[in-house]
Amino acid sequence: MDIQTGIRWMELFNEKIQQEKDYLTQLDTPIGDSDHGNNMSRGMAHVVKAIDTQSPDSLEELLKLVTTTLLSKVGGASGPLYGSAFMGMLKTYQGDGSSWGKVLQGGLESIQKRGKAEVGDKTMIDVWAPVVQATENEQLRDEVIDEAVEATKPLKAKKGRASYVGERSIGHIDPGAYSSALLFHAMLEAEAEQ
Amino acid sequence: MKKIVNDPSNIVDEMLQGMIIGHSELIQRIPETGIIQRKTEKSGKVAIISGGGSGHEPAHAGFVGEGMLSAAVCGAVFTSPTPDQILEAIKAANEGAGVFMIIKNYSGDIMNFEMAQELAEMEGIEVASVVVDDDIAVEDSLYTQGKRGVAGTILVHKIVGYAAQQGKSITEIKELADNLIPNIKSIGLALTGVTTPGSTQPSFVLAEDEIEYGVGIHGEPGYRREKLQTSHNLANELLTKLVNEFDVKPSDRFAVIVNGLGGTPLMEQYVFTNDVQQLMDERKLSVDYYKIGNYMTSLEMQGLSLTLLYLENDFYIEALNAPVTTISW
């Protein structure tokens, strides 16, 4: 990924988040605390504003900017989780950024370290893990992302506030999984535009 | 849901401004932040900070003052504050003897406060913390993040705040807080859901004659719905569940909080308190301390929560009775 694609990725992610803000909140209402749409919308609005004013000129600068903005503007659980994701990507990119799959893998590991969730716990990890795998195999398509999101429906939540409703979380899409899907759809779109 | 607001995205900022206008003798706001700090002289003692999402007023800013919190960090509605804000509060509150954080057990709060602690330690400030998990409505298990932290948190503010005022060290405060947490148990019930400002949908909808047991303080659904009953029966359900959590024997002593969730009048809270006292008498349990009112609310939710603190040692009651200078204790 180059800097132009990276910036476009964040712009598209912001557009999707703003469009689907109410739907994200709807997803968060029965199993969480109804703040995911608002939090992500506030955070991503700040991200595009920061990109606009600070004009990062390398992917490294961009990842740094996204990390600090998300950490300082989102709050809740999504702030530290998305912030950690971009921080993990940044660290991997600085270390061994030989493939984009590896960079995303760094993001995934960082989320797991912060949130202590595993595959099957009905969290954003359930989208990140298959996406990272598919990226490594150069097989990431929109369908892979959508299938991963749908697959969170029958799961019983074991982490976060959704875990408090236990059995009642079954049948609902995890809001963090859905917003992660928006992130990866935006990534594919940005890459396709290049 | 009708609300008295301007732009919902400015609601916390405007609330904090109003709070400062009304209580400028007690508190100040650190400019450009969601941090409310007490105005007292620094005296080199351990600083106590707490915070979380807004929408629970008077918690937590209402408990900032001499004898309780040094500072409170106010996040967006129902959303934990961010690590940089918490770090600012740690730095502002620090009097040189370390900073003790009281955190409610929600994954967002834990992650943000933990990150702030890491940042503060990098700057050479000693930080310790305790996680309040008094809500017995949700099961603890290997898989969940554990029980939620709700109204019992204010008892931790008070008792730990008193210990800090007495000049106890951060190690002594940590030990006190760790022993205190298992002695506090809460459970709530709702007559209505809540609507966050700017949202059109309530968190859940109950029929006119329905109540829900075990709700959280962010409009999270509870564990059981049933028909509305008399206050006495509601009190019996909540108190029985709470008492079962303790290994009680006759003449054991407790402190009790009857906490309004924002939309329940004091009249109903007092009716409920009267029932709680009768039920405690029947069980030959003694209540040595009561706190009745709105302390940890959930916006406009109609409902209340009941908290029992088992008075394991005399320090707890001494601390609860000590005078403080805050807006809302």
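The values are calculated or read from the model by the stated rules, or taken from the named source; none is laboratory data. Because the structure is a prediction, the values reported are computed rather than measured. Every residue, glycine as well, gets a Cβ built from its backbone with ideal geometry; the counts of neighbours run over all protein chains shown.
Determine if the stretch A:167-180 includes at least one residue that is in a loop (DSSP other than H, G, I, E, B), within 14 Å of chain B (Cβ to nearest Cβ), over 18 Å from the mean Cα position of the chain (by Cα) and in contact (Cβ under 8 Å) with a residue 24 or more places away in the chain. I'd like the intermediate steps shown before the answer.
Of the residues in the stretch A:167-180, the ones in a loop (DSSP other than H, G, I, E, B) are A:170-174.
After this cut, where a residue has to be within 14 Å of chain B (Cβ to nearest Cβ) as well, the list is A:170-172, A:174.
With the extra rule that they be over 18 Å from the mean Cα position of the chain (by Cα), the set shrinks to A:170-172.
Checking the rest, the ones that are also in contact (Cβ under 8 Å) with a residue 24 or more places away in the chain come to A:172.
Yes, there is a match, as at least one residue in the stretch A:167-180 is in a loop (DSSP other than H, G, I, E, B), within 14 Å of chain B (Cβ to nearest Cβ), over 18 Å from the mean Cα position of the chain (by Cα) and in contact (Cβ under 8 Å) with a residue 24 or more places away in the chain.
Here is a check on your reading of the model: is B:Ser199 over 21 Å from the mean Cα position of the chain (by Cα) and within 14 Å of another protein chain (Cβ to nearest Cβ)? Spell out how you get there, then give the answer.
Working: over 21 Å from the mean Cα position of the chain (by Cα): yes; within 14 Å of another protein chain (Cβ to nearest Cβ): yes.
Answer is yes for this residue.
Is it the case, given these coordinates, that B:Val271 is closer than 25 Å to B:Phe204 by Cβ, outside the structural domain of B:Leu26 (by the TED database) and not in a helix (DSSP H, G or I)?
Taking the combined requirement at face value, the residue does not satisfy it.
Within the stretch B:284-311, how many residues turn out to be assigned to a loop (DSSP other than H, G, I, E, B), more than 18 Å from the chain's Cα centre (by Cα) and surrounded by 14 or more Cβ atoms within 10 Å (Cβ to Cβ)?
First pass over the stretch B:284-311, keeping only residues assigned to a loop (DSSP other than H, G, I, E, B): B:284-285, B:294-300, B:302, B:311.
Okay, now just the ones that are also more than 18 Å from the chain's Cα centre (by Cα), so B:284-285, B:311.
Narrowing the set further to residues that are surrounded by 14 or more Cβ atoms within 10 Å (Cβ to Cβ) leaves B:285, B:311.
Number of matching residues: 2.
Give A:Val103, A:Val74 a once-over and let me know the one that is within 14 Å of chain B (Cβ to nearest Cβ) and surrounded by 18 or more Cβ atoms within 10 Å (Cβ to Cβ).
Details: A:Val103 fails: within 14 Å of chain B (Cβ to nearest Cβ).
Of the residues listed, the single one that is within 14 Å of chain B (Cβ to nearest Cβ) and surrounded by 18 or more Cβ atoms within 10 Å (Cβ to Cβ) is A:Val74.
Starting from residues that are touching a residue at least 60 places away in the same chain (Cβ under 8 Å), in contact with a strand residue (DSSP E or B) (Cβ under 6 Å, 6 or more places away or on another chain) and more than 15 Å from B:Lys39 (Cα to Cα), keep the ones in the stretch B:76-98 and report whichever is surrounded by the most Cβ atoms within 10 Å (Cβ to Cβ).
Only one residue tops the list, namely B:Phe78.
Considering the stretch A:3-25 alone, what residues qualify as being away from chain B (no Cβ under 14 Å) and of a type in the set (Asp, Glu)? Spell out the reasoning first.
Let us first name the residues in the stretch A:3-25 that are away from chain B (no Cβ under 14 Å), namely A:3-17, A:19-20.
Scanning the stretch A:3-25 gives A:Glu11, A:Glu15, A:Glu20.
Looking at B:Gln302 and the list (1) within 23 Å of B:Ala61 (Cα to Cα); (2) touching a Pro at 6+ places or on another chain (Cβ under 6 Å); (3) of a type outside the set (Gly, Ala, Ser), which single condition is not satisfied?
All conditions pass for B:Gln302, except number (2).
If you check A:Val132 against the conditions, is it of a type in the set (Val, Ile, Thr) and at pLDDT below 95? Explain how you work it out, then say what you get.
Details: of a type in the set (Val, Ile, Thr): yes; at pLDDT below 95: no.
Considered against the rule, which asks whether it is of a type in the set (Val, Ile, Thr) and at pLDDT below 95, A:Val132 comes out as no.
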